[in-house]
Amino acid sequence: VTLGAAYYKSTQDWWLHGWMNILPYHIGLDDYSFDYTLPQWEEDPIPAVIEWDAGLVLGIRLNKSLGLFMEGTHQRYWMKPVYEFKIGINYSCAFNAQNKMVFTAVMTNQTGHSIHQMAVCQMEKVD
């Protein structure tokens, strides 16, 4: 079972996307599945079986090809909280009428770890 909500708003100059998903009930399918009934989880104020994923992305378009974004997420699955913050640059250029290349450079910090750098390049079909 998953309960969730999302909001998306965009204009020519900026976009905003927020979401929250709650997984209030699930069971394992075999003896190796995560055990939510262990005594060590009893002192947590939120029951162990309730897990979530929430986040917010804000981006701005600087010109036709260049944009900046920030993204923050918080998740708790299998009693492990994960916090992540990203900032990045999107650059897109059209090759022809059907395809464009989108290059994204991201700096990310996950749950107090050092900052990582990542670059993603993908082809997208132009509508």
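Here are the numbers for this structure:
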quantity: Candidates VAL49, VAL1 - the one that is out of contact with any helix residue (DSSP H, G or I) (no Cβ under 8 Å at 6 or more places or on another chain) and either part of a strand (DSSP E or B) or open to solvent by less than 80 Å² (accessible area, probe 1.4 Å) (or both); calculated: VAL49
quantity: Residue match in segment 57-71 (condition: out of contact with any Asp or Glu (no Cβ under 6 Å at 6 or more places or on another chain), open to solvent by 60 Å² or more (accessible area, probe 1.4 Å), without any contact (Cβ under 8 Å) to a residue 40 or more places away in the chain and within 23 Å of GLU84 (Cβ to Cβ)); calculated: yes
quantity: Close pairs (7 angstrom Cβ cut-off, 6 or more residues apart or separate chains): outside any loop (DSSP other than H, G, I, E, B) in segment 24-45, small (Gly, Ala, Ser) and surrounded by 10 or more Cβ atoms within 10 Å (Cβ to Cβ) anywhere; calculated: TRP41/ALA48
quantity: Unmet requirement for LYS9, which otherwise passes all of (1) open to solvent by less than 60 Å² (accessible area, probe 1.4 Å); (2) under 17 Å from the mean Cα position of the chain (by Cα); calculated: (1)
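The values are calculated or read from the model by the stated rules, or taken from the named source; none is laboratory data. Just so we're clear, the structure is a prediction, and the values are computed from it rather than from any experiment. Here Cβ is always computed from backbone atoms with ideal geometry, including for glycine, and neighbour counts include all displayed protein chains. Heads up: the accessible areas ignore ligands, DNA and RNA and are worked out on the full protein's heavy atoms, side chains in. Shrake-Rupley method; radii C 1.70, N 1.55, O 1.52, S 1.80 Å.
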